Amino acid sequence: MAVLNLVKEGQDEGLLRKISRPVTEITPRILTLLDDMIETMRRADGCGLAAVQVGVLRRVVVIETEPGTVHELINPEIISRKGVQEEGEGCLSIPGESGITRRPMTVTVRAQNRKGEFFELTGTGLLARAICHETDHLDGKLFTDVVIRSTEDDE
């Protein structure tokens, strides 16, 4: 596994604002990408990472909100949203910035695993927020687009 370079906001001609392409075939390259993304996320002390954040415009996400439980989502699509939560959020691609966002309390996402099999994952709280945050990245959206107030307002 390798640690990949993180794309920061304003770098690479607005790469983070581009829409990622679907994965049409799960190749050894995609499997290596998943492994490298997990290593990169862990080294950066994050709980989620989208492929676009490492310079790859593919619909691939990894999330680890509980140590040792990694969710790999290929071509994720949120199919259900319930409730509301307002919590602090930050991003590895926007270091030093954070804000309060309004996200669903519970979401269900449909995606493929590394074998190409479709599955559904339901997350609540932090996992729901991470699913929303990372799938937003695939559509060129950043958490700063949905901040409702600064975290400084809560101090």
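Numbers at a glance
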{"read-out": "Inter-residue pairs, beta-carbon under 8 Å, first within 18 Å of Asn5 (Cβ to Cβ) and in contact (Cβ under 8 Å) with a residue 60 or more places away in the chain and in region 80-97, second basic (Lys, Arg) and assigned to a loop (DSSP other than H, G, I, E, B), 6+ apart", "value": "Ser93/Lys8; Ile94/Lys8; Pro95/Lys8"}
{"read-out": "Which numbered condition Leu57 misses (of (1) buried (at least 19 other Cβ atoms within 10 Å of the Cβ); (2) touching a residue at least 40 places away in the same chain (Cβ under 8 Å); (3) out of contact with any Phe, Trp or Tyr (no Cβ under 7 Å at 6 or more places or on another chain))", "value": "(1)"}
{"read-out": "Tally of residues being surrounded by fewer than 18 Cβ atoms within 10 Å (Cβ to Cβ) and part of a helix (DSSP H, G or I) across region 16-29", "value": "3"}
{"read-out": "Number of positions in region 30-51 that are part of a helix (DSSP H, G or I) and in contact with a strand residue (DSSP E or B) (Cβ under 8 Å, 6 or more places away or on another chain)", "value": "9"}
{"read-out": "Strands (runs of 3 or more DSSP E) fully within region 85-155 counting 3 or more residues that are touching a helix residue (DSSP H, G or I) at 6+ places or on another chain (Cβ under 9 Å) and surrounded by 15 or more Cβ atoms within 10 Å (Cβ to Cβ)", "value": "85-90, 98-103, 106-112"}
{"read-out": "Count of residues meeting criterion [of a type in the set (D, E, K, R) and in contact with a helix residue (DSSP H, G or I) (Cβ under 9 Å, 6 or more places away or on another chain)] in region 1-16", "value": "2"}
{"read-out": "Condition check for Thr69: closer than 14 Å to Ala128 by Cα and not basic (Lys, Arg)", "value": "no"}
{"read-out": "Failed criterion for Leu4 (all others in (1) assigned to a strand (DSSP E or B); (2) among the aliphatic types (A, V, I, L, M); (3) more than 20 Å from Asp139 (Cα to Cα) hold)", "value": "(1)"}
{"read-out": "Condition met for Leu16 (touching an Asp or Glu at 6+ places or on another chain (Cβ under 7 Å), of a type outside the set (Val, Ile, Thr) and either at pLDDT 95 or above or over 20 Å from Thr135 (Cα atoms) (or both))", "value": "yes"}
{"read-out": "Pair list, Cβ under 7 Å, 6 or more apart: region 101-125 residue at positive phi, other residue assigned to a strand (DSSP E or B) and not small (Gly, Ala, Ser)", "value": "Gly125/Gln85"}
{"read-out": "Matching entry among Leu49, Leu73 (being surrounded by 15 or more Cβ atoms within 10 Å (Cβ to Cβ) and farther than 24 Å from Ser150 by Cα)", "value": "Leu73"}
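The values are calculated or read from the model by the stated rules, or taken from the named source; none is laboratory data. Because the structure is a prediction, the values reported are computed rather than measured. With ideal geometry, Cβ positions are generated from the backbone for all residues, glycine too; neighbour counts draw on all protein chains shown.
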